[in-house]
1. What does the accessible area of residue 119 come to, in Å² to the nearest 10, when a probe of 1.4 Å is used?
2. May I ask you to derive the relative contact order of the chain, considering only C-alpha pairs under 8 Å and at least 6 residues apart, and to give it as an integer percent?
3. Looking only at the chain, where both bridge partners belong to it, what percent of the DSSP beta bridges are antiparallel (to the nearest 5)?
4. Calculate the FRET efficiency for residue 255 and residue 312 from the Cβ-Cβ distance with a Förster distance of 30 Å, rounded to the nearest 0.05.
5. Just to be sure I understand: with springs between alpha-carbon atoms less than 10 Å apart, which residue in 167, 12, 230 has the highest mean-square fluctuation in the Gaussian network model of the chain?
6. Separation between the residue 94 and residue 66 pseudo-spin-labels, each 7 Å from Cα along Cα→Cβ, expressed in nm?
7. Any idea how far apart residue 47 and residue 238 come out in nm if each label point goes 7 Å out from Cα toward Cβ?
8. Residue 99 accessible area, nearest 10 Å², 1.4 Å probe?
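The values are calculated or read from the model by the stated rules, or taken from the named source; none is laboratory data. Since we're looking at a predicted model, the values are computed, not measured. Virtual Cβ from ideal backbone geometry, glycine too; neighbours counted across all protein chains shown. Accessible surface is based on the protein model in full, side chains and every heavy atom, while ligands, DNA and RNA are left aside. Shrake-Rupley method; radii C 1.70, N 1.55, O 1.52, S 1.80 Å.
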Amino acid sequence: MTRRPHAVTIVDVAREAGVSKSSAARVLAGRGSASQATQQRVHAAAQRLGYRPNALAKAMISGSSNTIAVMIPDVASPFFSAVVRGASDAAHAAGFEVLLGNTDNDRDVQARSIEVLREKQVDGFVIAPVFEDEPVSVRSLVDDDIPVVLLDRRMPALADVPLVSVDHSSAARMAVEHLLALGHRRIAIVTEAADSLDALRAQDPTVLRPSHQRLLGYADALAAHGIERDPALIIPSAYDADAASRAVADALGRVPFTALLCTDSVLTLGAYRHVASAGIDVPDAFSFIGIDDQEWTTLVRPSITVVDQPRYRLGAATMNMLIAQIRDVAEVPTNLVLDAELIARASTSAPR
């Protein structure tokens, strides 16, 4: 088995340069005083030996590691991958590196990741948190004055933590308004939100899950046009493409509708899989609209109408808010809400 090479330490550099460990440490850290000759010997020795400073030790001395943790539920998600790109670009522009954590929407994974990243002395956290009644791991960061900005979602126990999000309710309203303007009245929605609308309306909308906010936006748009909501048109699905495909297949066998709204990229993909495999003619059979633009939505025929979230800008804005908090350069807002955009394509038309 190949042995790992010995990491060069300050002790090695001091011995090579013929100086004390403390003198070598001061020269390499750029602190204190040392003669020109000592500095030259130490730097020459460090270069010969290939010395690399320990990042954790530097962070403990300086109080900054120039690293930021970004924690998301799923790195494979097209939505979150675009968000991470925006966050990473903003971090690099400000001189920070990013450590990425994938929580799989698991509270235990999230807690372990936070513990490990705290030990690495990261300067702050961007977190799309796992939904739980008592988010102890995230709360501990805030209580210990570690900078945190929430991404995309928060919950009641984190209501005081800064958040950057998209206006999820408005995104759904925008989709429904588009369908209503085309003449649709029987509009179905595929959603993972299982709570009753009355229960959702009793809560602060800013602490609801994005799926819940979108369901409220759907209902509000119908109500604003005097259209009575039909509970049968709310098609429940787990957050899974295959589940969404099965849910749409089941709904088509039991309830008539002229338009179908899918509330995120995963459900949109799953619903369209059934549409394509069943040979359903969109928009002749029904109009089809999703939330989140994806590459495939422009490749299929007809191309898919979507309400697009500003994913890259969401990531960049979240990172910039966190960096402002880390550097204490300005008062950090507690809430920043970005607008979505309707992209009308061929999958939506007037009811046939």
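1. Here the accessible area works out near 110 Å².
2. 18
3. 10
4. On the way: r = 37 Å, r/R0 = 1.24.
My answer for the efficiency is 0.20.
5. 12
6. 1.5
7. Placing both labels 7 Å beyond Cα along the Cβ direction yields 6.1 nm.
8. 60
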